[in-house]
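Notes to accompany the following structure.
The values are calculated or read from the model by the stated rules, or taken from the named source; none is laboratory data. Worth saying up front: this structure is predicted, and the values here are computed from it rather than measured. Don't worry about glycine lacking a Cβ; one is built from the backbone with ideal geometry, like all the others, and counts go over all protein chains shown. Ligands, DNA and RNA are stripped out before the accessible areas are found, and what is left, the full protein with its side chains, is counted by its heavy atoms. Shrake-Rupley method; radii C 1.70, N 1.55, O 1.52, S 1.80 Å.
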Amino acid sequence: MPFSIFELFKVGIGPSSSHTVGPMVAGSEFIAELKTLNLVEKTTRIKTELYGSLALTGKGHASDTAILLGLSGEKPDLIDADKIPAMVENIRSIRALNICGNKIISFNESNDLIFHFEKSLPHHSNGMKFSAFDAAGTILLKQEYYSIGGGFIAKSSDYDDSNGENPLDNIDVPFAFKTAKEMLAMGKENDKTIAEMVAINEITAIDRVKLFAGLDNLRDIMRSCIDKGMSKEGILPGGLKVKRRARNIHRQLMASQHKNEYSPHNTMDWVSLYAIAVNEENAAGGRVVTAPTNGAAGILPAVLRYYEDICPNYRVEGVYDFLLTATAIGSLIKLNASISGAEVGCQGEVGSACAMAAAGLASAFGATNEQITNAAEIAIEHHLGMTCDPIGGLVQVPCIERNAMGAVKAINAASLAMKGDGTHFVSLDDVIRTMRDTGRDMHKKYKETSTGGLAVNVVEC
């Protein structure tokens, strides 16, 4: 079991876990390393360079803003999203950064924040370099980071030490499954559900009370994000002039409900509304939970709220089973394929989130481990080959609607799986491997660069 639930589900800000959260974390860690090495007082300048996908869609994904905040010591899980515009405006107006809270250094954005659109670093398409200089222009510290999806970052040295393996793979836990086959075998041998195995893994690091308090917190933030998204109107930032729709959809659904007007598709409309509300908040730079990424952050909350608010057999334990099981599926995908749109396309983001939500819902309903993995397999299989081609480099079109469709697919996948006995022709491991191979074969213009697909065939207006 390579990843904790609190690694896979991170509290952060929009619009992107790879392009916003990751760079902010990297900037913050670079400053922390300067402090550890007692280099802060000698530092007079910091230069940041962004490469590959991180450069190509950096402006649309607010990577520049994230870097400024990270170098100022801010962290995505703690920052007040409402204060970000004023903080960034202040940095740009005074042309200076305050590092470690008490050291002011000059900041010239045109020279100190460089976008290398035609270059990439060796380990991942989301690469960045940070360099700190003293007054004489001598480099004090230089680090190379990669934003590898879902807010995770890695240094180049991590790849060197692990001989090319994922630098975050190895964690010693009781149920250290690395494939779905292993996970199912361990569950059968120990008479444990997937959720129970994940919970046992978690409490090797934290006590049971903290685990379930953390799960409650994730659930509360997801619900709050939906509620906030349903309450707002206006135009999303970035220049595409995309209107927020969630509030109007909510009004229409409430009006129908008050008139006792019901159509069979109303339930799916509510699910779509929940997903759209989250991703409009994400697009506006609001507070979201990476699940497993920001670009796909609406799917899991929407399906979980469907379970809580619409399904008649809701139970609070089902929420825990949902999140713990989703963690297992997300970990398998991240370990054996990718959750990064820049690496494998949107199949790795929306496809992964759909699989996690489908498995989580099936678990909450009391499905067997075999039915749960079948639900995840169905969900991924029908997202294979999905490209990541955001118009204008913004997580808006087609990303917001893709979350709505992914949430509906997740419910369908869980339902189909539970109609069977868990046996299925294509295994979860097979479909994860296929996602990885498809991502490798996919042309880079379809992997979060905004140089292909809808991004070039739709006129920005």
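What do you get for the angle between helix 84-94 and the principal long axis of the chain? Use alpha-carbon atoms, 0 to 90 degrees, nearest ten. In the chain, helix 84-94 runs at an angle near 10 degrees to the longest axis.
One Cα centroid belongs to segment 223-282, the other to segment 64-107; the line between them spans 32 Å. Only one residue of HIS258, GLY137, THR204 has its Cα farthest out toward the positive end of the dipole of segment 124-259, where Lys and Arg carry +1 and Asp and Glu -1 on Cβ, and that residue is HIS258. Measure nothing fancy, just the Cα-based angle from helix 180-190's long axis to the longest principal axis of the chain, in degrees from 0 to 90, nearest 10. The answer is roughly 60 degrees. Relative contact order of the chain: 19 percent, from C-alpha pairs under 8 Å at least 6 residues apart in sequence. Exposure check, 1.4 Å probe, all protein chains in place: LYS119 carries approximately 120 Å² of accessible surface. Annotation: amide H-H contacts under 5 Å for VAL288 (H modelled 1.01 Å from N, sequence separation of 5 or more, or interchain): GLY12, ILE13, GLY14.
Taking a point 7 Å out from the Cα of LYS445 in the direction of its Cβ, the residues of segment 374-406 whose backbone N falls within less than 19 Å of it are 385-394, 398.
Determine the alpha carbon to alpha carbon distance for each of LYS181/LYS334; LYS42/LYS119; LYS10/LYS210; LYS10/LYS192; LYS35/LYS210; LYS59/LYS444 and list only those over 21 Å. As for pairs spanning more than 21 Å Cα to Cα, those are LYS42/LYS119; LYS10/LYS192; LYS35/LYS210.
Principal-axis analysis of the Cα atoms of the chain puts helix 428-441 at an angle of about 40° to the longest axis.
Shown in residue order for segment 326-343 are the 3J(HN,Hα) couplings computed by the Karplus curve 6.51 cos²θ - 1.76 cosθ + 1.60 at θ = phi - 60°: 4, 4, 4, 5, x, 5, 4, 5, 5, 6, 9, 9, 5, 10, 9, x, 6, 9 Hz (x for Gly and Pro).
The residues of segment 284-406 present an accessible area of 21 Å² per residue when probed at 1.4 Å with all protein chains retained.
Solvent-accessible area assigned to carbon and sulfur over the chain amounts to 51 percent, based on a 1.4 Å probe. When the helices in the chain are scored as -39500 (n - 2.57) per DSSP H run of 4 or longer and the sum is shared across all residues, what 222 nm value do you end up with, to the nearest 500 deg cm²/dmol? Computed mean residue ellipticity for the chain: -15000 deg cm²/dmol. Ligands, DNA and RNA excluded, the heavy atoms of LEU454 present near 70 Å² of accessible surface to a 1.4 Å solvent probe. Would you list, by chain and number, the aspartates and glutamates whose Cα falls below 17 Å from the Cα of LYS241, excluding same-chain residues fewer than 8 positions away? Of all the aspartates and glutamates, those that pass the test against LYS241 - Cα under 17 Å, at least 8 places apart if same chain - are GLU233, GLU280, GLU281, GLU401, GLU460.
Which is farthest toward the positive dipole end of segment 62-139 among ILE105, LEU68, HIS124, measuring Cα position about the Cα centre, with Cβ charges +1 (Lys, Arg) and -1 (Asp, Glu)? In segment 62-139, that residue is ILE105. Across all Cα atoms of segment 229-352, the radius of gyration (one decimal) and Dmax (whole number) stand at 16.1, 49 Å. Estimated translational diffusion coefficient (Stokes-Einstein, Kirkwood radius over Cα pairs, 10 °C, 1.306 mPa s) of segment 380-461: 109 µm² per second. At a probe radius of 1.4 angstrom, the accessible area of segment 220-270 per residue rounds to 64 square angstrom.
For segment 167-234, the relative contact order comes to 23 percent (Cα pairs under 8 Å, sequence separation of at least 6). Rolled with a 1.4 Å probe across the full set of protein chains, the surface gives LYS181 an accessible area near 150 Å². With a simple spin-label model that places each label point 7 Å from the Cα along the Cα-to-Cβ direction, the separation between TYR262 and ARG208 comes to 3.9 nm. Summarising the label geometry, the points placed 7 Å from Cα in the beta-carbon direction at ASP430 and GLU401 lie 3.3 nm from one another.
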